[in-house]
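The values are calculated or read from the model by the stated rules, or taken from the named source; none is laboratory data. Computed from a predicted structure; not experimentally measured. Cβ coordinates were reconstructed from backbone atoms using ideal geometry, including for glycine residues, and neighbour counts include every protein chain displayed. Accessible surface areas use protein heavy atoms only, side chains included; no ligands, DNA or RNA. Shrake-Rupley method; radii C 1.70, N 1.55, O 1.52, S 1.80 Å.
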Amino acid sequence: MGDMANNSVAYGGVKNSLKEANHDGDFGITLAELRALMELRSTDALRKIQESYGDVSGICARLKTSPNEVCGDVSVGEEEGEGETGWIEGAAILLSVVCVVLVTAFNDWSKEKQFRGLQSRIEQEQKFTVIRGGQVIQIPVADITVGDIAQVKYGDLLPADGILIQGNDLKIDESSLTGESDHVKKSLDKDPLLLSGTHVMEGSGRMVVTAVGINSQTGIIFTLLGAGGEEEEKKDEKKKEKKNKKQDGAIENRNKAKAQDGAAMEMQPLKSEEGGDGDEKDKKKANLPKKEKSVLQGKLTKLAVQIGKAGLLMSAITVIILVLYFVIDTFWVQKRPWLAECTPIYIQYFVKFFIIGVTVLVVAVPEGLPLAVTISLAYSVKKMMKDNNLVRHLDACETMGNATAICSDKTGTLTMNRMTVVQAYINEKHYKKIPDPEAIPPNILSYLVTGISVNCAYTSKILPPEKEGGLPRHVGNKTECALLGLLLDLKRDYQDVRNEIPEEALYKVYTFNSVRKSMSTVLKNSDGSYRIFSKGASEIILKKCFKILSANGEAKVFRPRDRDDIVKTVIEPMASEGLRTICLAFRDFPAGEPEPEWDNENDIVTGLTCIAVVGIEDPVRPEVPDAIKKCQRAGITVRMVTGDNINTARAIATKCGILHPGEDFLCLEGKDFNRRIRNEKGEIEQERIDKIWPKLRVLARSSPTDKHTLVKGIIDSTVSEQRQVVAVTGDGTNDGPALKKADVGFAMGIAGTDVAKEASDIILTDDNFTSIVKAVMWGRNVYDSISKFLQFQLTVNVVAVIVAFTGACITQDSPLKAVQMLWVNLIMDTLASLALATEPPTESLLLRKPYGRNKPLISRTMMKNILGHAFYQLVVVFTLLFAGEKFFDIDSGRNAPLHAPPSEHYTIVFNTFVLMQLFNEINARKIHGERNVFEGIFNNAIFCTIVLGTFVVQIIIVQFGGKPFSCSELSIEQWLWSIFLGMGTLLWGQLISTIPTSRLKFLKEAGHGTQKEEIPEEELAEDVEEIDHAERELRRGQILWFRGLNRIQTQIRVVNAFRSSLYEGLEKPESRSSIHNFMTHPEFRIEDSEPHIPLIDDTDAEDDAPTKRNSSPPPSPNKNNNAVDSGIYLTIETNKSATSSSPGSPLHSLETSL
């Protein structure tokens, strides 16, 4: 019991490490009993309470409030850097290293800070009202303990499970847990259980808290999503061993399970010795942090390693060539002896050669790559916040760029989640839009205003928006709010009528229920007459109407023929557009007549006069159709998965543009979908899903399990050449598994439950579909930014390495000195990654198809650009290096002695080289062969700042750098020539883009994703993470089953060695079963298979173990390769038996059973 109190976890995901206490002895009820009780529903729960505890007060008596000690601290790791200064080269090298480190550190820090802010936003402190010591107090949700008396009222989100003590007309929306949209009425005599994560929709009451944290219903689902693992790890080891063996086993297994239906699926521990190894492995597996290596990072790592190896090779060759050249030239050609006093000079030469080698290596290795990714992702995440995307996992942002399918909810995402009257039939006219109040006769308007105001529950109201510019808030019944909204649209105020006729003044109310499908309210007038207002489903109310208000406001006779006309011309057209039609009517009872029999409802609600028929719908958000069109143009399929009925879903999908008239697409209901994807045994088959999903656009009346099945089916499909990358939106607790399974899960920030947010990768803070399109744009932009940076970086790499290598080999000295190389490295790594990785996305990104997971980072067009620009730069650099002194009429810098002062010649080479990189940075902004490289350049302030800033610093280095930078001052003319040669890269770029890539057959792509066969074994372990934890749990059961069968088989072989050929079919099958097969039947529980398992390990009972399966059905082809379901069939032909097995022998019983 104390476990439960002390494992208090604010279910919003705030996890506290708490002291362990075991008070089971102090209470009259145990944790297990309470948990079992909270698993029950309605009448079952009531029966259990009455049988075991008498009533709710009996439970309260057994629960004593348990004290709750919370301790939680956050430690922030900080790094300290120390530096020692050498001089000149040392200082310069250090400076550039410090720059790179600082930029990286700053990025990490800002990212960390952002995530901290993000966590606090998600985990805002919630307060809840409890009664302690007779005082009503507000305490943080994390402090609620079992035994607390909590007050619940309209609008609360329940933070803990409890049992109702006293309630007034309490109605709860349990859709987030069960998916059931109808509100559940809670009362002491029918259904007293209140569950965490559900919303109080009406009424108020008090409850005694029975489960908090990971033991509450929401907590259990959290645990299934793997969010509850931390608590278990923090517990004291010894106590864990002694006391918590049972409970931990259950939790451990529940951690590995996954919520398949919204309700928690309890997994029992497998009580076996052999299971122990698996358990240890699983624990290790669970404790390992999940490696989050995204597709892009995988490609980049591979590319960086390849480039690094090439660079290392080049630098090694450079050093070897320099040393050999020096040794051969000095001691062989010039025949100089090795003099002891010259040794320091020779060593200095060798050190110089080594430094040149290191320089080549430094330039070759693109250490800016990871930085570029970090910057690009961090920048994108920050900007996505403004686009209402709160990114919880960095790589989700990049994955969205590859998305090929989006499975979206309807309500609230595609629609506005507020019912609205959009059409009306008033005074014999069908208005497609809400009419002006002037167009309606005054008496009809007054009937309409009074009828709607008093004949809607007074709890339904429209409140002003919480934020300025927001939409008004609808409180209470959605349909009634739509009708009240109609009055506001007609510039009338329902509140004035309600103030005039308060709720107490209503004479009689026939409330709405699902049988009568209408609601009626009787008013008593001052003259003693009565007037009844009715509203309800149009087909029901119209049958009871004998009159209708005509165009001039008078009542005229309404015959059955007229009714059929209205049904044909008004109601059916409205229904075909997915509108819900509601009829409003009234009836007068004159004063002189005897008072009607009010209890006889059928006589009262008849002979009505029809006022109006209105069409209500949840309108599509105005910006959604355009967003969906963009998705379709970008090669992304949008599917709608909704719990609504198929007609409404189809109508909304058509309005959104998901369905187009005349196209061959599927709209299925959940029932139909399930029938099509399952075989005769009720198992889900991937081949069947593959036939459906490519054409499926709308899945209506779907359960959360259907959503998970669809997502899993699309992801696992091998029909298309590229693996599908699926994004999913969800808001309910029961959407958790689908969000977790998807490549990118979007949770709703406003309507979403905390479980949904915890399972998601990105939270949509405005619940709007257009934000998903923005996420796609940002994701593609990340990819393109990295490619731009690569194009720039590799051009510099190729040129710098070849120049350093060739220069060193021909002139025994690198034309670019170590410090200069580091400056070039700083430009091209840190600054360029900042400049190119922060390009804002443009709409043009949505004009192409997704790249796919195997698309190489460097396309053939980019390769053409890299090699083309490298060629131009090499020609310029070598021309200057070998003929520059003649052209500028200056001293040659080649073959200078060891400590010679910097020469103008080499300074011009360095300056021109840097300026070519600067102008090439502008070229690198385009990677698909576009001509206009300046397009949108001023939209990126960071880019402009960095290019100008680099240019200014270059001037300072050249003019004032002196010896540290091996530079000598240049004249204006030399500067102009350098700038002219630098600008040449822009013109050369135009020339390159003229050459069609298709002509250049020799160009190869680079930076592919890791292919299947190249993946090392330890990385394949990552894929195991893809298996549902529940699947792994079930799989362990299977393995034990097979182990047992294998053991039996071995015994048979020992007894009957020569018959071994008959048993080849029993090799341990590859178990690739899908979790679906186990989940198909709700009555299937893991407990069913438990009794078999100990038998396998129990050697005495081994021979009897298979008798459990003696009622096996005949083998049927099983397409899902599921060994457990297909069973293992051994056919032992007794007539061939060499040893006659006596009926009593174990072998005989085994033969018959198998």
Selection status of Lys410, of a type outside the set (A, V, I, L, M), surrounded by fewer than 19 Cβ atoms within 10 Å (Cβ to Cβ) and closer than 29 Å to Asp626 by Cα: no
Hits in region 708-721 (condition: of a type in the set (A, V, I, L, M) and either in a helix (DSSP H, G or I) or in contact with a His (Cβ under 8 Å, 6 or more places away or on another chain) (or both)): Leu710, Val711, Ile714, Ile715
Scope region 923-935; condition open to solvent by less than 30 Å² (accessible area, probe 1.4 Å) and either modelled with pLDDT of 90 or more or farther than 14 Å from Ser785 by Cα (or both); matching residues: Asn923, Ala924, Arg925, Val933
Test result for Ile434, assigned to a strand (DSSP E or B) and either within 26 Å of Thr569 (Cβ to Cβ) or hydrophobic (A, V, I, L, M, F, W, C) (or both): no
Single condition Ile165 does not satisfy, out of (1) within 15 Å of Gly205 (Cβ to Cβ); (2) at pLDDT 85 or above; (3) under 31 Å from the mean Cα position of the chain (by Cα): (3)
Filter result (open to solvent by 10 Å² or more (accessible area, probe 1.4 Å), under 21 Å from Val819 (Cβ atoms) and part of a helix (DSSP H, G or I)) within region 360-370: Leu361, Val362
Residue in region 861-881 that is touching a Ser or Thr at 6+ places or on another chain (Cβ under 9 Å), aromatic (Phe, Trp, Tyr), open to solvent by less than 40 Å² (accessible area, probe 1.4 Å) and within 21 Å of Leu822 (Cα to Cα) present: no
Residue match in region 127-147 (condition: at pLDDT below 80, hydroxyl-bearing (Ser, Thr, Tyr) and surrounded by 15 or more Cβ atoms within 10 Å (Cβ to Cβ)): no
Residues (at pLDDT 80 or above and not aliphatic (A, V, I, L, M)) located in region 18-38: Thr30, Glu33, Arg35
Flag for Ile714 being open to solvent by 40 Å² or more (accessible area, probe 1.4 Å) and either in contact (Cβ under 8 Å) with a residue 12 or more places away in the chain or among the aromatic types (Phe, Trp, Tyr) (or both): no
Residues of region 950-963 that turn out to be open to solvent by 30 Å² or more (accessible area, probe 1.4 Å) and touching a residue at least 24 places away in the same chain (Cβ under 8 Å), as a count: 2
Any hit, region 846-854, residues being farther than 24 Å from Phe960 by Cβ, open to solvent by less than 30 Å² (accessible area, probe 1.4 Å) and part of a helix (DSSP H, G or I): yes
Residues satisfying the stated conditions in region 595-633, i.e. open to solvent by 40 Å² or more (accessible area, probe 1.4 Å), acidic (Asp, Glu) and under 24 Å from Asp489 (Cα atoms): Glu623
Condition check for Arg473: under 30 Å from Leu699 (Cα atoms) and either out of contact with any Pro (no Cβ under 9 Å at 6 or more places or on another chain) or of a type in the set (Lys, Arg) (or both): yes
Criterion violated by Thr705 - all others in (1) at pLDDT 90 or above; (2) open to solvent by 10 Å² or more (accessible area, probe 1.4 Å); (3) assigned to a helix (DSSP H, G or I) satisfied: (1)
The lone exception for Glu885 - which of (1) surrounded by fewer than 20 Cβ atoms within 10 Å (Cβ to Cβ); (2) in contact with a His (Cβ under 9 Å, 6 or more places away or on another chain); (3) in a loop (DSSP other than H, G, I, E, B) it fails: (3)
Filter pass, Ser196 being outside any strand (DSSP E or B) and at pLDDT 85 or above: yes
Residue tally, condition closer than 12 Å to Ser833 by Cα and buried (at least 24 other Cβ atoms within 10 Å of the Cβ), over region 374-399: 3
Evaluation of Ile684 against (1) more than 23 Å from Leu390 (Cα to Cα); (2) buried (at least 21 other Cβ atoms within 10 Å of the Cβ) (one fails), failing number: (2)
Within region 218-239, considering residues that are open to solvent by 10 Å² or more (accessible area, probe 1.4 Å) and within 18 Å of Leu177 (Cα to Cα), the one modelled with the highest pLDDT: Phe222
Candidate set from region 185-204 (those that are open to solvent by less than 30 Å² (accessible area, probe 1.4 Å) and among the aliphatic types (A, V, I, L, M)); member that is nearest to Asp55 (Cα to Cα): Leu193
Single unsatisfied condition, His660 versus (1) free of Cβ contacts under 8 Å to residues at least 24 places away in the same chain; (2) part of a helix (DSSP H, G or I): (2)
Flag for Val373 being under 23 Å from Arg848 (Cα atoms), touching a residue at least 12 places away in the same chain (Cβ under 8 Å) and not basic (Lys, Arg): yes
Residue that is closer than 19 Å to Thr705 by Cα, among the polar types (S, T, N, Q) and either at pLDDT below 95 or over 25 Å from the mean Cα position of the chain (by Cα) (or both), where the choices are Thr648, Thr654, Thr642: Thr642
Residue ID - farthest from the chain's Cα centre (by Cα), chosen from residues in region 293-312 that are among the charged types (D, E, K, R) and over 18 Å from Asn825 (Cα atoms): Lys302
Region 998-1014 - residue that is modelled with pLDDT of 70 or more and farther than 14 Å from Lys302 by Cα and, of those, most open to solvent (accessible area, probe 1.4 Å): Arg999
